[in-house]
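J.: If you scroll down you'll find the structure; I have some questions about it.
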Amino acid sequence: MEFTLAIFLVAFILLVALAFYYEHPKAEIPREVDQRVKLYFIHYVVNFVFGLARIFEKLRICKEVYFIRTFLYGIPPWKNANLFIEDLKFAKVSVRVYHPKASSAGQRRGVLYLHGGIGQFGSIGMYERVCRFIARGSDSVVVCVGYRLAPEHPYPTQFWDCLTAAVHFMRTAEDYGVDPTRIIICGDSSGGTLAAAVCQALVNRTDLPKARAQILLYPFLQAVDFNLPSYQQNGSVPLLLKKRTLTLGMQYLNKDLSLMKGILEGSHVHEDLKLKFSKWLSPDNIPMEFKIRGYKPPASASYSEELHTLAKLVFETTFSPLLAEDAIVHHLPETFILTCEYDVVRDDGLLYKKRLEDNGIPVTWYHVEDGFHGVLLLIDSGYISFPCGKRAMDNVVNFIKGL
């Protein structure tokens, strides 16, 4: 018995050591971050899971992406007495609908939620707590879209599934007790990418009611410049590290990871495109208060035609909605943007906020001064929840209630 236990402990220690050998990016968490010790712990757990997933794939036990998905699904919450929850199909796209059980004097608002996960991870189950929180707090019908994931379903399948679900919801809103003129498109992280892209795609749809608003929660919005102040300042801040951002992005697009170095340097962007995008992506458009923690303008990178060709997908507005033309942006709905100070994609949100405001779109902006990427996902998760995430979600709910 004791010998068996000893063997087990040795095997476990070796497995842990191997996992961290394969995945051990350094984290630097500023003291100002909300409950930084807890964030360090979560960071090391995530590293362990990513490392273990890589080992399992090398041993041909299971694919790396499947193991990570299983971990991220987490433990489902208890049943909620205040909500009626059902799994449906919106034109063959899986969705989960959250209906408040309390009676309503009229039709409710509808919130279409597009989850994050960089097109490869994330699920309806993973976002169960987030969607319940929004439905309960705002007294709205929430629809979480279970779009198909890469690599089984390559990009841009995720965008088309989300657009299909949005169109179906707008056409059938009244069947769910929802006012079709009060539908809000919401998403976090890469789900924010999808939400922004879906809203842009709906701009010219005269056969549908207009979206009432879009809610973009620390969204990824461009793959042109990975040397903005937020990328320089927060590259080693969990949960979304700079290198991991690009690694997962390349895997999502089914591109070779050898492209990363050139893309990080900006060698994939032609001079003509740099000139065109500069009016939207220039660091000069970012308020000075977001540069005081450090920003050094990067050296100009030499252009690579081959890299540009291989990375061409990153310029599509379904992947980089910040690059949409003003003719589209000018017609977007009222917007709520949430940014976190210690987040590599913070400046994407700030730049899109300016673009929207320059085009006359009303923008409500909430900045989480002690927040980090992914904090909202941990809402209502007991010990691993963060107070700043609760404050942020309360602001999201209050915005919805005002529509």
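J.: Given the conditions (1) open to solvent by 50 Å² or more (accessible area, probe 1.4 Å); (2) in a helix (DSSP H, G or I), report the number of the one that A81 does not fulfil.
T.: (2)
Yes or no, residue by residue, for (1) small (G, A, S); (2) under 20 Å from Y218 (Cβ atoms); (3) at pLDDT below 95:
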| site | (1), (2), (3) |
| --- | --- |
| P321 | no, yes, no |
| A327 | yes, no, no |
| F372 | no, yes, no |
| G382 | yes, no, yes |
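J.: Sticking with this structure for a sec: Do any residues in segment 233-251 that are within 17 Å of L377 (Cα to Cα) and touching a residue at least 12 places away in the same chain (Cβ under 8 Å) have Cβ atoms under 7 Å from those of residues that are open to solvent by 30 Å² or more (accessible area, probe 1.4 Å) and part of a loop (DSSP other than H, G, I, E, B), where the two are at least six apart or on different chains, and which pairs are they?
T.: V237/E28; L241/P25
J.: Kindly establish whether T206 is of a type outside the set (A, V, I, L, M, F, W, C), farther than 24 Å from D394 by Cβ and free of Cβ contacts under 8 Å to residues at least 12 places away in the same chain.
T.: yes
J.: Same structure again: Would you pick out the residues in segment 23-65 that are farther than 26 Å from K390 by Cβ, part of a helix (DSSP H, G or I) and open to solvent by 100 Å² or more (accessible area, probe 1.4 Å)?
T.: Within segment 23-65, just K58 meets the criteria.
J.: For segment 263-371, which helices (runs of 4 or more DSSP H) that fit wholly inside it have 2 or more residues that are surrounded by 17 or more Cβ atoms within 10 Å (Cβ to Cβ) and under 20 Å from the mean Cα position of the chain (by Cα)?
T.: Because the criterion is at least 2 residues that are surrounded by 17 or more Cβ atoms within 10 Å (Cβ to Cβ) and under 20 Å from the mean Cα position of the chain (by Cα), the helices (runs of 4 or more DSSP H) in segment 263-371 that meet it are 346-358.
J.: Tell me which residues, restricted to segment 242-259, are of a type in the set (A, V, I, L, M, F, W, C), within 17 Å of S320 (Cα to Cα) and part of a helix (DSSP H, G or I).
T.: Once the filter is applied, which keeps residues that are of a type in the set (A, V, I, L, M, F, W, C), within 17 Å of S320 (Cα to Cα) and part of a helix (DSSP H, G or I), segment 242-259 yields L246, L248, M250.
J.: Which ones in segment 283-327 are free of Cβ contacts under 8 Å to residues at least 60 places away in the same chain and among the acidic types (D, E)?
T.: D284, E289, E305, E306, E325, D326 - these are the residues of segment 283-327 that are free of Cβ contacts under 8 Å to residues at least 60 places away in the same chain and among the acidic types (D, E).
J.: Just a yes or no: is a residue in segment 334-347 under 21 Å from Y113 (Cβ atoms) and touching a Ser or Thr at 6+ places or on another chain (Cβ under 6 Å)? Steps first, answer last, please.
T.: Pass one, segment 334-347, residues under 21 Å from Y113 (Cβ atoms): 334-340, 343, 345.
Still in the list and also touching a Ser or Thr at 6+ places or on another chain (Cβ under 6 Å): 336.
Yes - at least one qualifying residue is present in segment 334-347.
J.: Please work out which one of (1) within 23 Å of S123 (Cα to Cα); (2) outside any strand (DSSP E or B); (3) in contact with a Lys or Arg (Cβ under 6 Å, 6 or more places away or on another chain) is the condition V198 fails and give its number.
T.: (3)
J.: In addition: It is to be established whether one or more residues within segment 192-206 are under 26 Å from S385 (Cβ atoms) and either open to solvent by 20 Å² or more (accessible area, probe 1.4 Å) or out of contact with any strand residue (DSSP E or B) (no Cβ under 6 Å at 6 or more places or on another chain) (or both). Before the answer, list the steps.
T.: Within segment 192-206, the subset under 26 Å from S385 (Cβ atoms) is 192-195.
Filter once more, keeping what is either open to solvent by 20 Å² or more (accessible area, probe 1.4 Å) or out of contact with any strand residue (DSSP E or B) (no Cβ under 6 Å at 6 or more places or on another chain) (or both): 193.
Scanning segment 192-206 turns up at least one residue that is under 26 Å from S385 (Cβ atoms) and either open to solvent by 20 Å² or more (accessible area, probe 1.4 Å) or out of contact with any strand residue (DSSP E or B) (no Cβ under 6 Å at 6 or more places or on another chain) (or both).
J.: Here are the criteria: (1) farther than 19 Å from H373 by Cα; (2) buried (at least 18 other Cβ atoms within 10 Å of the Cβ). Tell me which single one D225 does not satisfy.
T.: In the conditions (1) farther than 19 Å from H373 by Cα; (2) buried (at least 18 other Cβ atoms within 10 Å of the Cβ), D225 misses (1) alone.
J.: List every residue pair whose Cβ atoms lie under 7 Å apart, where the two residues are 6 or more positions apart in sequence or sit on different chains, the first residue falls within segment 372-390 and is open to solvent by 30 Å² or more (accessible area, probe 1.4 Å), and the second residue, located anywhere, is of a type in the set (F, W, Y) and modelled with pLDDT of 95 or more.
T.: Listed by first residue and then by second, the contacts come to D380/F133.
The values are calculated or read from the model by the stated rules, or taken from the named source; none is laboratory data. Keep in mind it's a predicted model, so treat the numbers as computed, not measured. Glycine gets a Cβ as well: all are built from the backbone with ideal geometry, and neighbour counts include every protein chain shown. Only protein heavy atoms, including side chains, enter the accessible area calculation; ligands, DNA and RNA are left aside. Shrake-Rupley method; radii C 1.70, N 1.55, O 1.52, S 1.80 Å.
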